[in-house]
Amino acid sequence: MNIVQFSFGSYVRWSLIACVALLAFGLGYVAHSWVSVPFRISCDARYSFLNPFLRCDSDVPQKQEFVAFKKELESFIQTSIASGNAKSVSVYFRDLENGPWFGIDEQALFSPASMIKLPLLVAYYKRAEVDPDVLKQRVGVQGSTLPSGAYVIDDLLRSTIIDSSNDALPILFSYLQKFYPEEDVFSETITAMGLAASEGSEGDFLTVKRYASIYRMLYNASFLSKEMSQRALDLLTQTESPQGIDDGVPAGTPVAHKFGIREQPGSLQLHDCGIVYHPGGHYILCVMTKGKDAQELSAIIRRISSMVYAEVDARSKAE
């Protein structure tokens with residue numbers, strides 16, 4: 001099967017983002033197809049995980065800011081740090097249907113750890129928009145942590161996201177380098193998405209706010225096509241993770257997310273970031289933490305997720 005060679009170029013369609021931002025400011029986003037909204041006219045059910053603005057033809061009123069609730073979260077985080085359960089906690093929240101957002105220490109730097117697997121998935125999906133066969137390619141594996149044999153690229157990507165398997169990572173990276181030797185596909189992708197580390201930076205280089213932008217791009221289908229954005233978000237809803245954002249919301253609530261953990265002598269980083277599809281309004285929640293105990297950090301992420309969901313739930317019922 002031939003691989004089509006082409007120039008990766010710049011994939012961020014800034015004009016689309018600008019249009020979405022301007023229209024969202026004036027009109028607000030429409031309710032999701034799972035939400036019962038009497039003034040909704042019609043929605044395209046094929047893209048259930050995308051911004052309703054892209055597939056529906058009505059709008060919703062703008063919501064109030066989260067000033068008081070942000071202070072409540074800040075108090076919880078300060079208490080957690082003071083008690084020694086965490087060294088650092090950063091939070092980014094955004095209501096995806098109307099735009100209100102807030103951050104808590106959102107410019108602090110962290111290591112992405114396993115969360116780097118999501119930009120890798122996006123790089124492959126972007127390539128597949130022009131070269132669909134790339135996901136069907138079979139690669140031979142020998143001398144790896146994986147059993148010897150032939151693996152389909154799409155299956156390796158699924159394992160990397162759903163199981164957060166590290167075994168396929170070197171294979172997926174080397175495949176891009178081997179079949180597209182004149183391009184650095186991954187680096188060009190993260191640069192186009194605004195996620196590249198500064199020159200000379202090592203270790204901690206990513207902020208919770210910058211990482212959250214990936215989910216906005218997927219939700220708004222502003223980097224990948226609607227089909228590929230939907231495909232990526234659907235895969236992320238199948239993520240099997242330790243206790244985190246998804247454990248802070250009611251069972252059955254779709255959460256498209258990716259977690260990351262980095263362990264070093266005397267220190268630990270645990271993160272979880274994604275989109276929560278609350279029936280009353282979808283939102284991004286990203287939490288990055290540093291500390292020493294994974295269970296304590298996990299409990300903090302879970303508690304923050306629970307608090308945010310309860311706030312969104314209360315607001316949706318009051319409207």
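Just one of V134, V122, V139 is in a strand (DSSP E or B) and either at pLDDT 95 or above or of a type outside the set (S, T, Y) (or both); which is it?
The conditions single out V139.
I'm trying to understand the selection: among the residues of the stretch 163-180, which are touching a Ser or Thr at 6+ places or on another chain (Cβ under 8 Å), outside any loop (DSSP other than H, G, I, E, B) and of a type in the set (A, V, I, L, M)?
Of everything in the stretch 163-180, those that are touching a Ser or Thr at 6+ places or on another chain (Cβ under 8 Å), outside any loop (DSSP other than H, G, I, E, B) and of a type in the set (A, V, I, L, M) turn out to be L169, I171, L172.
Any residue in the stretch 119-137 that is small (G, A, S), over 17 Å from L233 (Cα atoms) and either crowded, with 20+ Cβ neighbours inside 10 Å or touching a strand residue (DSSP E or B) at 6+ places or on another chain (Cβ under 7 Å) (or both)?
Scanning the stretch 119-137 turns up no residue that is small (G, A, S), over 17 Å from L233 (Cα atoms) and either crowded, with 20+ Cβ neighbours inside 10 Å or touching a strand residue (DSSP E or B) at 6+ places or on another chain (Cβ under 7 Å) (or both).
Quick check on the stretch 39-68: of everything there that is among the aromatic types (F, W, Y) and within 23 Å of the chain's Cα centre (by Cα), which residue is modelled with the lowest pLDDT?
F53
Select from the stretch 278-316 the residues that are more than 13 Å from the chain's Cα centre (by Cα) and of a type in the set (S, T, Y) and write down the one among them that is surrounded by the most Cβ atoms within 10 Å (Cβ to Cβ).
The qualifying residue surrounded by the most Cβ atoms within 10 Å (Cβ to Cβ) is T289.
Could you check the stretch 200-221 and list, in sequence order, the residues that are under 14 Å from the mean Cα position of the chain (by Cα) and in a loop (DSSP other than H, G, I, E, B)?
T207, N220, A221
Report whether or not V12 is crowded, with 20+ Cβ neighbours inside 10 Å, at pLDDT below 50 and under 25 Å from L236 (Cβ atoms).
Considered against the rule, which asks whether it is crowded, with 20+ Cβ neighbours inside 10 Å, at pLDDT below 50 and under 25 Å from L236 (Cβ atoms), V12 comes out as no.
Does the stretch 251-281 hold any residues that are of a type in the set (A, V, I, L, M) and either touching a Cys at 6+ places or on another chain (Cβ under 9 Å) or modelled with pLDDT of 95 or more (or both), and which are they?
V255, A256, L268, L270, I275, V276, listed by residue number.
Return the residues of the stretch 249-268 that are buried (at least 22 other Cβ atoms within 10 Å of the Cβ) and either touching a helix residue (DSSP H, G or I) at 6+ places or on another chain (Cβ under 6 Å) or among the basic types (K, R) (or both); say none if nothing qualifies.
V249, V255, A256, H257, K258, G260
For the stretch 152-183, name all the residues that are out of contact with any helix residue (DSSP H, G or I) (no Cβ under 8 Å at 6 or more places or on another chain) and acidic (D, E).
D155, D163, E182, E183
Within the stretch 254-266, which residues are free of Cβ contacts under 8 Å to residues at least 40 places away in the same chain and over 18 Å from E106 (Cβ atoms)?
V255, E263, Q264, P265, G266
Return only the number of the condition from (1) part of a helix (DSSP H, G or I); (2) within 16 Å of the chain's Cα centre (by Cα) that E106 does not satisfy.
(1)
The values are calculated or read from the model by the stated rules, or taken from the named source; none is laboratory data. Please read all numbers here as calculations on a predicted model, not as lab measurements. In this analysis, Cβ positions are derived from the backbone assuming ideal geometry, glycine residues included, and neighbour counts consider all displayed protein chains.
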